[in-house]
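Below is one structure, written out as structure tokens; the observations come after it.
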């Protein structure tokens, strides 16, 4: 079931969200000081490409640095990526088959806003 959902996700929204994250990562890699945000964007972008069967958990020990980094991320790129997740989720929820995919988009909004201090792990 996870594979089927991932394939439908990839066709309907995953690929475009992945491209958005990779564009954000590329922009962040251009400026040396924003490379940690670029790495986080690429990591979350790969997760957004194939999300079913994985989950996001908070990193133990992530402190004030992650919080401040997330504030910078929201200003630089997080708000428009979260907006794409929201719009994609609303569009997917219009159809019955798209409802689980729309819910997955809504679950990605907090990660899009605050990617630092998070880990992506497989669901057992």
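Here, each number is a calculation from the coordinates, and none is a lab measurement. For clarity, every value in this text was computed on a predicted model and none was experimentally measured. Cβ placement follows ideal geometry from the backbone for every residue including glycine, while neighbour counts extend to all protein chains displayed.
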Scope the range 64-115; condition assigned to a loop (DSSP other than H, G, I, E, B) and in contact (Cβ under 8 Å) with a residue 40 or more places away in the chain; matching residues: 97, 98, 114, 115
Of the criteria (1) without any contact (Cβ under 8 Å) to a residue 60 or more places away in the chain; (2) in contact with a strand residue (DSSP E or B) (Cβ under 9 Å, 6 or more places away or on another chain); (3) not in a helix (DSSP H, G or I), which one residue 61 fails: (2)
Which listed residue is closer than 21 Å to residue 31 by Cβ and surrounded by 18 or more Cβ atoms within 10 Å (Cβ to Cβ), from 66, 88: 66
Tabulated pairs, the range 34-55, first at negative phi and touching a residue at least 12 places away in the same chain (Cβ under 8 Å), second assigned to a loop (DSSP other than H, G, I, E, B) and surrounded by fewer than 19 Cβ atoms within 10 Å (Cβ to Cβ), C-beta under 9 angstrom, 6+ apart or interchain: 38/31; 52/1; 52/123; 54/123; 55/123
Subset tally (residues that are crowded, with 21+ Cβ neighbours inside 10 Å and out of contact with any helix residue (DSSP H, G or I) (no Cβ under 9 Å at 6 or more places or on another chain)) for the range 93-108: 0
